[in-house]
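Just below is one structure, and these are the notes that go with it.
The values are calculated or read from the model by the stated rules, or taken from the named source; none is laboratory data. Since this is a predicted model, take the numbers as computed values, not measurements. Every residue, glycine among them, receives a Cβ derived from its backbone with ideal geometry; neighbour counts consider all protein chains shown. We work out accessible area using only protein heavy atoms, side chains counted, and drop any ligands, DNA or RNA first. Shrake-Rupley method; radii C 1.70, N 1.55, O 1.52, S 1.80 Å.
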Amino acid sequence: MAIVEHMSPLVVRKLRRPAGHPFAVAAPLFALLALLAAFSGSPVAAAEDSSPVLIELTLVAGAQEKGAVCLDGSPPAYHLQRGSGSGSQSWIVFLQGGAWCGTTESCSIREMTEHGSSKFMEPIAFDGILSDQQPQNPDFYNWNKVFVRYCDGASFSGDAEGEAENGTKLHFRGLRIWEAVVDELMEKGMDTAKQALLAGCSAGGLSTLLHCDNFRARFPQEVSVKCLPDGGFFLDAKDLLGERFIRSVFDGVVQLQNVSKVLPKDCLAKKDPTECFFPAELIKSISTPTFIVNSGYDSWQIRNVVAPDGSYPGDTWSNCRDNIGNCSSKQMDVLHGFRNKLLHELKAAEGKRDWGLFIDSCFAHCQTQFSSSWQSPTSPRLGNKTIAEAVGDWYFGRGKGVMKQIDYKYPCNPTCGS
C-alpha cells in the first residue's frame, strides 16, 4: 500500500504540549534529578479537569523473588483501570517512557527517582488513549487500561547487574519486569482477552517495538493483538557536529544493561547489537500489525539527536530547539533532512499490509497520551482524521481508507496549532 503525503496550506504554527516534556539525555548530570522530576511520562489528565480520577499504584506481587526489580531493587509497578461493558474483555497495555541510562553514573542518579524506583511512584490520572471518557477516547474508553511504570532505564529490555557509585547493587532487569508484569496481568484476566493493544510513548514506544511479537505470542491466534508505538522511532542520525550522539547513548545502554536477548536474531547475525536496537532494524522483523505514530519533526529528537547540548556554538540553536517557528531557513534545511531520513527508514513499514502510519509535521513528541493531541477540537489531523480516529479505523478495520498517512513538510498543517 502506498504511503500518502498530505499537502495543505502553508501555516506556521506550533503544537503546544501539556507541561512535562521528556528530559534531555544530553543534560549535565547535576541537572538530571530535576529534569527527571519534571517528566513523569504519565498520562496526567488535562488541567481543565479540576478533579481527575487518580489510579492507584499496584506493585507486582512476588517480583523481587524473580529478580524482576527496578534499578534500586524495589518491585516494579503499574496502574490498572478495569474495563466495563463491551470493553470488559479488551486490554490496552501502555509502557511509560523517559529516556535511558547507559552509564553507572546516570543509572545511579536515576535509581533515586520514580524512573528507577517504585518508592517514588504515586497515583496518576489517565488521559488520551487511556481516558475513560468516551468523547476523548471513543474506541478504547471502556477497555481494561494498564500503564506500566518505567524504572529500568533500558526500555524494559536489560538483564544484568552493576554497582552504583555508592557501592550498592544496580539492577538492570527490564526484561524480567516486562515478563513479570505481563504474567500478572494474565492472572488478572488478560488471558481471556478478545482484543489487546500494546502501546507506549518515547522510550516506551521503543519498548513496544522490542516486545510487540512477544506480546502477540501470549494470546491465542484468534485474539486480535496489535501494537502502537508513539514517538518511539528514534533515528541513528548525525548531530550538528557530524557525531552520532544518540548511537553513543544506545551503545551505552546495550552494553551496560545487556539487551541482546530482546533483539532480533536475524539482525544480530549480520549487525552490531546497538544498530539492532534502533527501530529501523526492529520493524523489519516484526510480524504483528503495528501502527506507528511519530512527528516528522519530533521535538525530543530535534533537541537530543539533531542538536544536543554541546553540538553548536553559543545559543545559535537554542531558540530553534525551543520552538520550530523560530528556526532559520538553514536550520529548517537540517530539520527537513531529519524528516527525510525518518521517511526513508519507514519504507520497511510501507510494504506491510496490516500496518498503519500517522506521521504529522507538528513539533511534538508523544501524542497518544494527551487528549489535546489524541482526540480534541485542537488535535492534529491527517486525511481529516485525528490520531484517535486513524488508530481506531486501523485497529477495527473500519472503511477502506489509506491507513498510512504522512504529512507534507513543515510548515504545512494548520491543525498543528492552537
Members of the stretch 263-279 that are crowded, with 18+ Cβ neighbours inside 10 Å and among the aliphatic types (A, V, I, L, M): LEU263
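Among the helices (runs of 4 or more DSSP H) lying completely within the stretch 329-397, list those that include at least 1 residues that are open to solvent by less than 50 Å² (accessible area, probe 1.4 Å) and aromatic (Phe, Trp, Tyr).
Ranges flagged: 329-345, 371-374, 387-396.
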Write out, first by first residue and then by second, each pair whose Cβ atoms fall under 7 Å of each other, whose residues are 6+ apart or on separate chains, and whose first residue, in the stretch 56-85, is over 19 Å from SER157 (Cα atoms) and open to solvent by 10 Å² or more (accessible area, probe 1.4 Å) while the second is in a strand (DSSP E or B) and polar (S, T, N, Q). LEU80/THR58; ARG82/ASN144; GLY83/SER90; GLY83/ASN144
Can you name every residue in the stretch 313-328 that is open to solvent by less than 70 Å² (accessible area, probe 1.4 Å), closer than 17 Å to TRP300 by Cβ and without any contact (Cβ under 8 Å) to a residue 24 or more places away in the chain? SER318, CYS320, ARG321, CYS327
Test result for HIS79, under 18 Å from the mean Cα position of the chain (by Cα) and either more than 25 Å from PRO380 (Cα to Cα) or modelled with pLDDT of 50 or more (or both): yes
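Table: residues versus (1) open to solvent by 20 Å² or more (accessible area, probe 1.4 Å); (2) within 24 Å of GLY310 (Cα to Cα); (3) at pLDDT below 95; (4) not in a helix (DSSP H, G or I).
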site: PRO220; (1), (2), (3), (4): yes, no, no, yes
site: LEU228; (1), (2), (3), (4): no, no, no, yes
site: PHE234; (1), (2), (3), (4): no, yes, no, yes
site: ALA237; (1), (2), (3), (4): no, yes, no, yes
site: GLY242; (1), (2), (3), (4): yes, yes, no, yes
site: ARG247; (1), (2), (3), (4): yes, yes, no, no
site: VAL253; (1), (2), (3), (4): no, yes, no, no
site: LYS261; (1), (2), (3), (4): yes, no, no, no
Of the candidates LEU197, LEU175, LEU130, the one satisfying the condition of being within 28 Å of ILE286 (Cα to Cα) and in contact with a Pro (Cβ under 6 Å, 6 or more places away or on another chain) is LEU130
Under the condition of being of a type in the set (A, V, I, L, M, F, W, C) and at pLDDT below 95, which residue from the stretch 340-369 is farthest from ILE129 (Cα to Cα)? ALA348
List the residue pairs whose Cβ atoms are under 7 Å apart, where the first residue sits in the stretch 241-257 and is of a type in the set (D, E, K, R), the second is open to solvent by 30 Å² or more (accessible area, probe 1.4 Å) and not in a loop (DSSP other than H, G, I, E, B), and the two are 6 or more positions apart or on different chains. none
Go through (1) among the acidic types (Asp, Glu); (2) farther than 18 Å from CYS101 by Cβ; (3) crowded, with 23+ Cβ neighbours inside 10 Å for ASP152 and report which single condition fails. (2)
Give just the number: which of (1) within 24 Å of GLY231 (Cα to Cα); (2) among the charged types (D, E, K, R); (3) open to solvent by 50 Å² or more (accessible area, probe 1.4 Å) does ASP127 not satisfy? (3)
Show the residue pairs meeting these rules: Cβ distance below 6 Å; 6+ apart or different chains; first residue within the stretch 139-153 and touching a residue at least 60 places away in the same chain (Cβ under 8 Å); second residue of a type in the set (D, E, K, R). ASN144/ARG82; GLY153/ARG110
Do we find a residue being in a helix (DSSP H, G or I), touching a Leu at 6+ places or on another chain (Cβ under 6 Å), in contact (Cβ under 8 Å) with a residue 12 or more places away in the chain and closer than 21 Å to PHE172 by Cα anywhere in the stretch 275-294? yes
Going by the conditions given, is ALA99 in contact with a His (Cβ under 9 Å, 6 or more places away or on another chain), surrounded by fewer than 20 Cβ atoms within 10 Å (Cβ to Cβ) and of a type in the set (A, V, I, L, M, F, W, C)? no
